[in-house]
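Single-structure report; data block below.
No value in this document is a laboratory result; all are computed from the given coordinates. Bear in mind that the values here come from a model prediction, so they are computed numbers and not experimental data. Positions of Cβ are backbone-derived with ideal geometry, glycine not excepted, and every protein chain shown enters the neighbour counts.
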Ligand SMILES: CC(C)(COP(=O)(O)OP(=O)(O)OC[C@H]1O[C@@H](n2cnc3c(N)ncnc32)[C@H](O)[C@@H]1OP(=O)(O)O)[C@@H](O)C(=O)NCCC(=O)NCCS
């Protein structure tokens, strides 16, 4: 049976932050920062039914909250899923990978908090959940987001041409990044390129 976020002993602490599962009570804090122009630029203006969508189990179950000194500073998504496989091998490909997403309150950017939180989530994915691959994507011109991935040692694997609809209404290029469990372990052991 593949592991999921219920198999982690939450909350998890890092040097400066606490990471915990999101609850319905976090909807307002998430909505508040998602309406900031520097966030809507990439994620779009939240829909009218944001709160209803937020508390739907298929969404809420994927979400983590980042806190500093007990105060909400951002959120993370961890979507665990299956890898492609031929039908005969599906049991080996179920729940082996995760896609991550992230956002910080604009006031909290520029301090390395996203780096610290996502690095811990990578550790959880590989070490606690035993996943084999973690991916994330962003618009090619979302420089802060792809620099975060590169700081964490993730590899740019894809430059997709005009594959995603930007909130401006333009089709824009996207970057896909990934990291494998063995790469994570090697960087932790000092054998590979460490996160910057
Ligand atoms: C993507 C996002 C989370 C990145 O935030 P960020 O502040 O750039 O990332 P971090 O919190 O890791 O901080 C890194 C910055 O702090 C600096 N920093 C300061 N102290 C640091 C530390 N101890 N460790 C690492 N970086 C540190 C870094 O130099 C870097 O600044 P720079 O980019 O000017 O060089 C943020 O821009 C955001 O929420 N954007 C809107 C939502 C969004 O686009 N989400 C992704 C959709 S795909």
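Quick notes on this one:
- Summed over the range 41-69, residues that are within 15 Å of the chain's Cα centre (by Cα) and not in a helix (DSSP H, G or I) total 6.
- Of all residues in the range 116-159 being without any contact (Cβ under 8 Å) to a residue 40 or more places away in the chain and within 13 Å of the ligand (Cβ to nearest atom), the one that is surrounded by the most Cβ atoms within 10 Å (Cβ to Cβ): 149
- Residue list for the range 1-16, filter: in a helix (DSSP H, G or I) and in contact with a helix residue (DSSP H, G or I) (Cβ under 9 Å, 6 or more places away or on another chain): 5, 7
- Residue satisfying all of: in the range 106-115; assigned to a helix (DSSP H, G or I) and either more than 17 Å from the chain's Cα centre (by Cα) or more than 6 Å from the ligand (Cβ to nearest atom) (or both); surrounded by the fewest Cβ atoms within 10 Å (Cβ to Cβ) among these: 107
- One residue stands out in the range 39-63 among those that are touching a residue at least 40 places away in the same chain (Cβ under 8 Å) and more than 26 Å from residue 169 (Cβ to Cβ): the one that is farthest from the ligand (Cβ to nearest atom), namely 61.
- Just so you know, in the range 160-194 the residues that are in contact with a strand residue (DSSP E or B) (Cβ under 9 Å, 6 or more places away or on another chain) and not in a strand (DSSP E or B) include one that is farthest from the ligand (Cβ to nearest atom), and it is 181.
- Only residues that are away from the ligand (no atom under 11 Å from the Cβ), surrounded by 16 or more Cβ atoms within 10 Å (Cβ to Cβ) and in a loop (DSSP other than H, G, I, E, B) were counted across the range 70-105, and they come to 2.
- Members of the range 64-106 found to be closer than 23 Å to residue 41 by Cβ and free of Cβ contacts under 8 Å to residues at least 24 places away in the same chain, listed by number: 79
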